[in-house]
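Right, one structure below, let's go through it.
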């Protein structure tokens, strides 16, 4: 079970319990006690960042990376709980609250938004190895939207108190919150991956049917996608007679060797080396392929690495050496390419290859 989503639920229940005292009229007895508990929402941003990272399968951060952000809300909470009941220290506490809260919340909102954008919009969705990727995306965006609204409300509350030096009259909007919580609760029951993490696509079964080892399968289309550009329409008339030739060249040993040998090779350079007009190659990947040139290049390098693994290359060399052997500049893009293409890192694929070799 995902630990961070439980912490989000727990901190919210704690905060809701104390702010409910305003609805029940307890504020006459402990006027300023419930309000500091709104600061506990700052914890949610720390937990939300870690939860989204775990949902997206990113590497876990060290404990110290979120220990300090975890202590900041606790520090403010104690300051407000102790000093806001004393008029002498109210001005000081309010002057301390707003800048820390605003910087903290905006920092986490910016970083979480950047993380979500980078993961879902800078990579094609089909490369995310989740069976339920559409719901995972919707759920994370939903959490981000709700957190953004609550963050702005929290910042606004303490900005109001700083400017007016008056207590903010807290309004909980119970009906709106009840509907939101009900919707989220239904989603939890319908989609247990919220608690347990996304369902990952199983690792591909690696079987070397070809005598030369593992070969990538490319999704080429002899019929083009819909063409609306006039220049591309004119080009298609000349291009159609050469489509089989281009496919043959892109799958040839010459193309594979060029992509492995030259780390910085691009579509224009490859077209020149294979004696294909550059405009033809750009047109081909735009209308006759399900992937970009970068994905095509990455696929060839990943499968070359798998073949080198099968040849026991790693018995005398490191993963970093294998990455460079296959055309990658370093281990990091090598690892990222494996995750995108195979849904698993190189070490997981290596373990599967060892199992296959033992059973055969």
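Laid out as a table, the results:
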| quantity | calculated |
| --- | --- |
| Sole residue being under 30 Å from residue 233 (Cβ atoms) and over 24 Å from the mean Cα position of the chain (by Cα), chosen from 308, 355, 286 | 286 |
| Given (1) within 29 Å of residue 353 (Cβ to Cβ); (2) surrounded by fewer than 15 Cβ atoms within 10 Å (Cβ to Cβ); (3) outside the structural domain of residue 352 (by TED's automatic domain parsing), index of the condition residue 221 fails | (1) |
| Residue check, residue 344 exposed (fewer than 15 other Cβ atoms within 10 Å of the Cβ) and assigned by TED's automatic domain parsing to the domain that holds residue 236 | no |
| Per-region count, region 317-338, residues under 16 Å from residue 265 (Cβ atoms) and part of a loop (DSSP other than H, G, I, E, B) | 4 |
| Within region 88-205, helices (runs of 4 or more DSSP H) holding 3 or more residues that are at pLDDT 70 or above | 133-164, 174-190 |
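The values are calculated or read from the model by the stated rules, or taken from the named source; none is laboratory data. Treat the numbers as computed from the prediction; the structure is a model and nothing was measured. In this analysis, Cβ positions are derived from the backbone assuming ideal geometry, glycine residues included, and neighbour counts consider all displayed protein chains.
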